[in-house]
Amino acid sequence: MPYTPLQDYVAAARSGSIVALPTDTVWGLAVTPDHSDKLYELKQRSLEKSLILMGTSAADLWPYVTMEVAQWQTMTERYWPGQLTLVVPSTSKVPLVMHPKTPDTIGVRVPDHPIARQILALTGPLATTSANLSGQTTLASLDEVLAQFPHVYGLNDQALQTLVEPLGPDIVIPAPSGLPSTVAFWQSDHWQTIRQGTVYL
């Protein structure tokens, strides 16, 4: 798809089309959770690998999680927004198509990227994955993402400006770090790091 206005981008995302999403780690592909099969097909991704549910805040992701509030808040209040994915017990609100081989858990994250969080505030939580074909290098820019995936929606410059303006003149929009998030798995009574990234627990 060509670069699109904000209204068209949000409408596409809400209707189940795949959109390109900037994050603090890498460029991502995102879709509503109930259309997650589109991401697996587009990326040629193994069903063994679950997708990540991203939201604009921990409160937005809480309905998808089943665990003690204190255990949840200990991590989310300290590390979010940030480059930490939490793999936690999931509720039935998470569509099976998003995690077909691990139906009892789901990875969740709030990215430390103001544009991403503004988009997620407009669309609601989205199923996400890195922007690349499975096993290939992650794409480093929106131009690269739309060249590789021409049917994905991307924001045009005016849309980005619309999202940036309310943040104030001193806001710094980070470029993706290029590094994956740290992944921590809830093990009934403690957190276990299963992939080390930029966040150290």
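Here, the stretch 1-58 has an Rg and a Dmax of 11.9, 35 Å when only alpha carbons are counted.
Full extension of the chain between E68 and D104 yields a length gain of 11.4 nm, computed as 0.36 nm times the residue separation minus the alpha carbon distance. Taking only the C-alpha atoms of the chain, the Rg (one decimal) and the largest Cα-Cα distance, Dmax (whole number), read 16.0, 47 Å. Contact order for the stretch 103-201, expressed relative to its length and based on alpha carbon pairs under 8 Å spaced 6+ residues apart, stands at 18 percent.
Computed with every protein chain present, the accessible area of R195 is close to 100 Å² [probe 1.4 Å].
The equivalent ellipsoid of the stretch 131-182 has semi-axes of 25, 16, 7 Å, largest first, where each one is the square root of 5 times an eigenvalue of the Cα gyration tensor. Residue separation of A11 and Q158 scaled by 0.36 nm, minus their Cα-Cα distance, works out to 51.3 nm of gained length. Beta-bridge orientation, the stretch 3-195: approximately 65 percent antiparallel, per DSSP, counting only bridges with both partners inside. Ranked from largest to smallest solvent-accessible area, with a 1.4 Å probe on the protein heavy atoms, I115, I194 come out as I194, I115.
Solvent-accessible area of the chain (1.4 angstrom probe, protein heavy atoms only): carbon and sulfur portion equals 52 percent.
Residues within the reach of a label modelled at T91 (point 7 angstrom out along Cα to beta-carbon, backbone nitrogen below 15 Å), restricted to the stretch 119-162, are 125.
Take the alpha carbon gyration tensor of the stretch 92-152, find the square roots of its eigenvalues, order them as a ≥ b ≥ c, and report rounded if a/c is under 1.5; if not, report prolate when a/b exceeds b/c, else oblate. It comes out oblate by the Cα gyration axes.
Specify the angular offset, from 0 to 90 degrees and rounded to the nearest 10, of the alpha carbon long axis of helix 69-79 from the longest principal axis of the alpha carbons in the chain. Helix 69-79 sits at roughly 50 degrees to that axis.
The values are calculated or read from the model by the stated rules, or taken from the named source; none is laboratory data. Keep in mind it's a predicted model, so treat the numbers as computed, not measured. Because the Cβ atoms are built from the backbone with ideal geometry, glycine has one as well, and the counts that use them run over all protein chains shown. The protein model used for the area step is the full one, side chains on, heavy atoms only, and it has no ligands, DNA or RNA in it. Shrake-Rupley method; radii C 1.70, N 1.55, O 1.52, S 1.80 Å.
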